[in-house]
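What follows is a set of notes on a single structure, which appears directly below.
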Amino acid sequence: MPERAYLVDSSMYIFRAWHSLDENIVDAGGNPANAVFGFTDFVYRFLSDVQPRQVAFAFDKSLTSCFRNELYPPYKANRPPAPRELLVQFQYCREFIDALGMVELGSQMYEADDIIGTLAVRSRKKGLASVILTGDKDMAQLLESDNDILWDYARNRRLDCQGVEQHFGVRPQQIADLLAIAGDPADNIPGVPGLGNKTAVELLLRFENIEELLEKQDVIEFLKIRGAERAQRLIQQHADDLRLFRRITEIQVDADLPPMDLSPRGPDHLALEDLFDRLGFSQYRRERWLALAEGLAESVN
């Protein structure tokens, strides 16, 4: 079993905590801190369980725009803007990970998905498998080797390449094509109107990807699938949209990130103590966090 790089979709776990925990949870100044407490509790459980030797936490920095919005302005336009209270908590979470002595990354241009995709490819070149902690189906496209895992930590659901195919009906490298055809309401991507997930899967069982589908679109009507003629007509009518949506749904794996070591480097005690004070952490929380961070660094060195 190769060594693994654990790549965390931090934003998803922050949003989960924001929506699920009582907003009366506050920091030392009386400001909302439910997302911070929920996220840090998740991080503590994960680090304690896994003791990773290679780990990085990716964040969505702007929450409002990335290069995809330049290609397709309606991208994620269906989502309400994040309230200031949540933006403050995002910054808390990033500071906390950095103070623990672990890699945290965010970008105005790229989303957390793209950061994780880039780190996964870099790790693969070093002989490491990737374990991606997320509940986002989009990132299933990043699995390549038999040792790569998509891990929804909160639900304790793990999918390898075979599991992705069984769960979604297509191979990992076809996930972006599936989302482009069927659409992804969460990201405000409409897909091809009138073609749902089932038809998209049927098409991708017969064509390798959207590029091949469009090259051979004239034969769609002869396929033994329900509504084949209609599917061909819709594909032909929305060919340009399909090409655009495929660019949107594809995770970038060459984001402009500096070279970095994903090994835990040990806690910054002054920064951590400052965060503990600002968050109003109890002595018990402080002691267990320090012990964990120091233990992880020692296990790597």
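Since every read-out is calculated from the coordinates, none of them should be taken as a lab result. Just so it is clear, the structure is predicted and the values come from calculations on it, not from any experiment. Here the Cβ is made from the backbone with ideal geometry for all residues, glycine too, and neighbour counts use every protein chain on show.
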### Query
Using a basic spin-label model with each label point 7 Å from the Cα along Cα→Cβ, how many nm lie between residue 48 and residue 188?
4.0
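Please compute the length gained on full extension between residue 298 and residue 77, using 0.36 nm multiplied by the number of residues separating them and subtracting their Cα-Cα distance. Could you put the intermediate results ahead of the total?
Details: separation 221, 0.36 × 221 = 79.56 nm, distance 4.48 nm.
Computed gain between residue 298 and residue 77 is 75.1 nm.
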### Query
Whose amide H sits under 5 Å from the amide H of residue 133, counting only residues 5 or more places off or on another chain, with H placed in the peptide plane?
7, 8, 9, 151
### Task
At a Cα cut-off below 20 Å, give the lysines reachable from residue 198, other chains included and same-chain residues fewer than 8 away excluded.
137, 216, 224
### Query
Which aspartates and glutamates does residue 125 reach when only Cα atoms under 14 Å apart count, and residues fewer than 8 places away in its own chain are ignored?
3, 144, 148, 254, 261
### Message
Can you give the log10 of the normalised intensity I(q)/I(0) at q = 0.20, 0.24 Å⁻¹, computed with Debye over equal Cα scatterers of the stretch 172-249?
### Response
-0.76, -1.14
### Folded to 0 to 90 degrees: helix 239-249 orientation relative to the chain principal axis, Cα
20
### Query
What do you get for Rg/Rh over the chain if you use C-alpha atoms and the Kirkwood form of Rh?
1.02
### Query
In nm, to one decimal, how far is the residue 22 label point from the residue 158 one, both placed 7 Å along Cα→Cβ?
3.5
## Note on the structure
Calc'd 3J(HN,Hα), the stretch 131-138, phi into Karplus 6.51 cos²θ - 1.76 cosθ + 1.60 (θ = phi - 60°), Hz, glycine/Pro = x, comes to 10, 9, 8, 6, x, 8, 5, 3
### Task
List, in order, the whole-Hz ³J(HN,Hα) value for each residue of the stretch 191-199 obtained from phi through the Karplus relation with A = 6.51, B = -1.76, C = 1.60 and θ = phi - 60°; use x for Gly and Pro.
x, 8, x, x, 10, x, 4, 4, 5
### Rough spin-label spacing in nm, given labels placed 7 Å along Cα→Cβ, for residue 214 and residue 145
3.3
### Query
For helix 84-100, what angle does its Cα long axis make with the longest principal axis of the chain, in degrees from 0 to 90 and rounded to 10?
70
### Query
Which angle between 0 and 90 degrees, to the nearest 10, do you get for helix 112-125 versus the longest principal axis of the chain when only C-alpha atoms count?
90
